[in-house]
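Below you'll find the structure, written out as structure tokens, and then a few comments.
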Amino acid sequence: MLAVVERDSSFRPLPSPSPSASYEMPLRHLAKDPARGEKHVVSKKPFQNSINQQQQQLQSHTTLPVAAKKSSGRRRGRGRAKVAAESPLTKPEMETGVHAGPPVSSRGIVFHRRPGFGQVGTKCIVKANHFLAELPDKDLIQYDVAIAPEVSSRSMNRAIMAELVRLYRETELGMRLPAYDGRKSLYTAGFLPFNSKEFAVKVAEEDDGIGVTREKEYKVAIRFVARADLHHLRQFIAGKQADAPQEALQVLDIVLRELSCQRYISIGRSFYSPDIRKPHRLGDGLQSWCGFYQSIRPTQMGLSLNIDMSSTAFIEPLPVIEFVAQILGKDVLARPLSDADRIKIKKALRGVKVEVTHRGNVRRKYRISGLTSQPTRELIFPVDDQMNMKSVVEYFKEMYGFTIQYSHLPCLQVGNQKKANYLPMEACKIVEGQRYTKRLNEKQITSLLKVTCQRPREQEMDILQTVHQNGYEQDPYAKEFGINISDRLTSVEARVLPAPWLKYHDTGKEKECLPQIGQWNMMNKKVINGCTVNNWACINFSRSVQESTARGFCQELAQMCQISGMEFNREPVIPIYSARPEQVEKALKHVYNAAMNKLKGKELELLLAILPDNNGSLYGDLKRICETDLGLISQCCLTKHVFKVSKQYLANVSLKINVKMGGRNTVLLDAISWRIPLVSDIPTIIFGADVTHPETGEDSSPSIAAVVASQDWPEVTKYAGLVCAQAHRQELIQDLYKTWHDPQRGTVTGGMIRELLISFRKATGQKPLRIIFYRDGVSEGQFYQVLLYELDAIRKACASLEPNYQPPVTFVVVQKRHHTRLFANNHRDRSNTDKSGNILPGTVVDSKICHPNEFDFFLCSHAGIQGTSRPAHYHVLWDENNFTADEMQTLTNNLCYTYARCTRSVSVVPPAYYAHLAAFRARFYMEPEISENSASRSTRTANGSSVRPLPALKEKVKRVMFYC
């Protein structure tokens, strides 16, 4: 974790060199902004306290003026964003204490309400994969379900309930067709004839261990719980209620999923089947199944059913011997397996369900628990209590007339370890429909992407076909509950925001640039702030690259850096050093020390590294050693690019080198001419934050949090980054603000926000008077928790620097993992699409398919390359800076053109993108094994588990965009 020890915690304002003199004033004295005619209203209290003192704050807020909502989207008055109710409109008849506006949220805090709709940009129509769902007018009733003996499997629960409905629907259930969630809740359209009743149901079930099917009796108790009220859902959609009534939405979701649950394999919110589209082979015994995602959402147009295409990996239902041959990549029929092969197969097959094929129509199913260590021909087992032994080969011949041909192969072990059952591999086939949950390799990922990558037109047709196949109008459950689903995509009014002008250096032929359809190039341009690289070295880890080739490549790269506007020495400090990948640490330290000896006290500034194309852990090891041990900036290049040098590749690498060395590639023209609303007027810091979690199956690795923050103002282009490890799958960023006890100095304050605020102050000479915080990777269910915790941490970090220092905060969640897709209204109209057939970059939607009353929008800021573009979803949860819709949408879109690594606008706002890159980089910092001196250092998390801190970034590395 970070251990930020700031010796001088004072945060005194410096003289301001900028055009405005108001920066030195404490925030509470900020005058009215003459351009906007409104006051900055800022909370001084830590966030948690402000929630606790809700009532007092409500009283104080009633004195604030609230502008009537205008179609132009201007803001509706200043203030918090917003506490549990808005101020009453200043009408005489409302002065009796009756509040207008939305009701108070049960959560005690309401997310920021939409300040109006955006108007900027060229209007157009797009289609969205949302299908209007008419709300039923029936009563929705919830019943509790208790099954005895208890069942852990949802599919078994469903089988029991299906049998109950089959037996009793026409009698005891009064002809009702209930929808069941597979666990504890049953829903009906209208009351059942009883309040509470117990039923007896017999269901056949298989034992995975011994493969025997038996009939078992279950007692099912159904008891009335409540009536799900749709009135509140209607009120919420109409914008008259603050909280979404989750129970009513859940009922409708379960009803619309019921039929698909019976037809298909359900995983999360998606359904899969080999019949939707022919499965594709991914290699190593896997195949991809096509499916669809389905979710019901409240939107401005009413209830909407969001349908999207989906694909995932399943284990191919192959004979086990064929599966094993694919896993090992060789014929296994001829010779015995090595120990390494056996371990690999055991890992791949453990937990997989197989069915036997040696007994004709009897296809008993078993779950594999292991693999025998001996080949089949050596296996014997007791056939009776007298411990009379028989070989597996004899047993199968005598019992089933089955001759085992490949007795050199091990047997599968099924059932539990106490009573192991042996099955020959050649007598087993993998059962269809088993999802693969482990990590895919590079080849499999490439194959899966090929299958899922669809042009927008094809994806739109597939979605429509899925809706048609699902036949909601014929769905007995939808009919029972009175839900009607439209079969047409929703047409939505959108706007295409203009691209921003970019500024390059005045010595280049082109000093300014207007991107065309989300892209531009570096021809005739020089980076606006070129770095200087005098002292660099190169290390070559690739056996196939000769020294002369490596030297030629470095010369060309140095030349490209010069052309791009950097000062770059053509010659390395020491000759290019060749090394073996397995000796990475030794080689790096040798090059570093040799260079430092030659430089006599000057710093080695940059290390170029040539890596093999398949380099395993080499890349990660190199980055860890350079950034946390040597304090060295590095640039890695793959062998394939060294042999086949392209100008485009060299130009992209030079852009990366420039920002890693502290330069700037380009800035928004509006930024340097002080024209960005709510950024240019007062010193503004923009944060990006993300948490990356370990992959499925890794149940102990920590999650990694990263926070980046702009270090230049007014340009907002350079971002310093910090990273820390935290508890496994913990989404709240633990180290935003922290305090700890130091024996010498007492209570010490630190954390990532505090350190980045201090570094902004050092870099610009100003303290930030406004904070914009883009938070990536938060699901809707975590919005409230994340906002509450992280905004409080921001408040405390600010307060720790200076009394009453509370700059206004805007907190925006960025989501890419959603299923809304936007399509051109007419695919043949080339003026409304880019080359890939996707909607144009800058397309923004904030109506119809967006939240009924909160401040969110979809923005497709990038041009498509292949497949269907996914717009980013931005949700402004909290806004004390009172952005209008146009201001927030334009700022976000314009920032997407400042991403340092390429000359394209990107799909996610760069601070969030950078935080993601930094978090991903920090995975490499986790040491491969625990060394003696670091094993003892660990930080205890809130739940008592212990997380080893990441090795600290060197100061030189922290200050620059090392993660690019």
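The values are calculated or read from the model by the stated rules, or taken from the named source; none is laboratory data. Given the structure is predicted, the values throughout are model-derived calculations rather than measurements. Because the Cβ atoms are built from the backbone with ideal geometry, glycine has one as well, and the counts that use them run over all protein chains shown. To get the accessible areas, we keep the full protein, side chains included, count just its heavy atoms, and leave off ligands, DNA and RNA. Shrake-Rupley method; radii C 1.70, N 1.55, O 1.52, S 1.80 Å.
Taking only alpha carbon atoms, the chain gives an Rg to Rh ratio of 0.99, where Rh is the Kirkwood radius.
Under 5 Å from the amide H of residue 842 lie the amide H atoms of 860, 861, 862, each residue being 5 or more positions distant or on a separate chain, with H modelled from the backbone and absent for Pro and chain starts.
Applied to the range 606-619, the Karplus parametrisation 6.51 cos²θ - 1.76 cosθ + 1.60 on θ = phi - 60° returns per-residue 3J(HN,Hα) values of 8, 10, 8, 10, 9, 10, x, 4, 9, 10, x, 8, 4, 4 Hz, with x for Gly and Pro.
Modelled this way, with points 7 Å down the Cα-to-C-beta line, the labels at residue 479 and residue 216 are 3.5 nm from one another.
In this label model, residue 509 and residue 454 are separated by 4.5 nm, measuring between points 7 Å along each Cα→Cβ vector. Scanning residues 5 or more positions from residue 609 or on other chains, those with amide H under 5 Å from its amide H are 539, 635, 636, 637, with H placed 1.01 Å from N in the peptide plane.
Taking the range 450-581, how much of its Cα-Cα pair set, in percent, is spaced more than 24 angstrom apart?
In whole percent, the long-distance tail amounts to 65.
Taking every alpha-carbon pair in the range 236-309 and binning the separations at 5 Å intervals from zero gives 3, 14, 20, 19, 13, 11, 8, 6, 4, 2, 1 percent.
The C-alpha atoms of the range 137-228 occupy a region whose extents along the principal axes are 49, 23, 20 Å, arranged from largest to smallest. Can you give the FRET efficiency for residue 330 and residue 445, using 1/(1 + (r/R0)^6), R0 = 22 Å, r = Cβ-Cβ distance, to the nearest 0.05? In this case the efficiency is close to 0.45. Rg of the Cα atoms in the range 545-667, relative to 2.2 N^0.38 Å, amounts to 1.03.
For the range 152-259, GluC sites (Glu not before Pro) are listed when DSSP marks them as loop and at most 16 other Cβ atoms sit within 10 Å of their Cβ; the list is 170, 172. Loop-located trypsin sites (Lys or Arg not before Pro) in the range 458-520 (DSSP state not H, G, I, E or B) with no more than 13 neighbouring Cβ atoms inside 10 Å: 488, 509.
Here the simple spin-label model places points 7 Å from the Cα toward Cβ, and for residue 486 and residue 763 these points are separated by 4.6 nm. The relative contact order of the chain comes to 16 percent, based on Cα pairs under 8 Å that sit 6 or more residues apart. Identify the residues of the range 599-642 with backbone N under 17 Å of a label point that sits 7 angstrom from the Cα of residue 546 along the Cα-to-Cβ direction, or state none. Zone members listed by number: 640, 642. Note on the range 820-902: Cα-Cα pairs beyond 14 Å make up 66% of the total pair count.
How long is the gain from residue 418 to residue 171 if the chain were fully straight, where each residue apart is worth 0.36 nm and the alpha carbon distance is subtracted?
Details: separation 247, 0.36 × 247 = 88.92 nm, distance 4.67 nm.
Extra length from residue 418 to residue 171 when fully extended: 84.3 nm.
Within the range 854-885, find all residues whose amide N lies under 17 Å from a label point positioned 7 Å from the Cα of residue 119 along Cα-to-beta-carbon. Those under the cut-off are 883-885. Around the Cα centre of the chain, unit charges on the Cβ atoms of Lys, Arg, Asp and Glu (plus for the first two, minus for the last two) sum to a dipole of about 1700 debye. Short-range pairs are left out: with C-alpha atoms under 8 Å and at least six residues apart, the relative contact order of the range 227-378 is 13 percent.
The mean of 1/r over all pairs of different alpha-carbon atoms in the range 692-751, once inverted, gives a Kirkwood hydrodynamic radius of 13.9 Å.
Subtracting the Cα-Cα distance of residue 780 and residue 829 from 0.36 nm times their residue separation leaves 14.1 nm of extension gain.
Which order do 745, 335, 257, 364 take when ranked by solvent-accessible area (1.4 Å probe, heavy atoms of all protein chains), largest first?
Working: 745 110, 335 170, 257 25, 364 75 Å².
If we order 745, 335, 257, 364 from most to least accessible, we get 335, 745, 364, 257.
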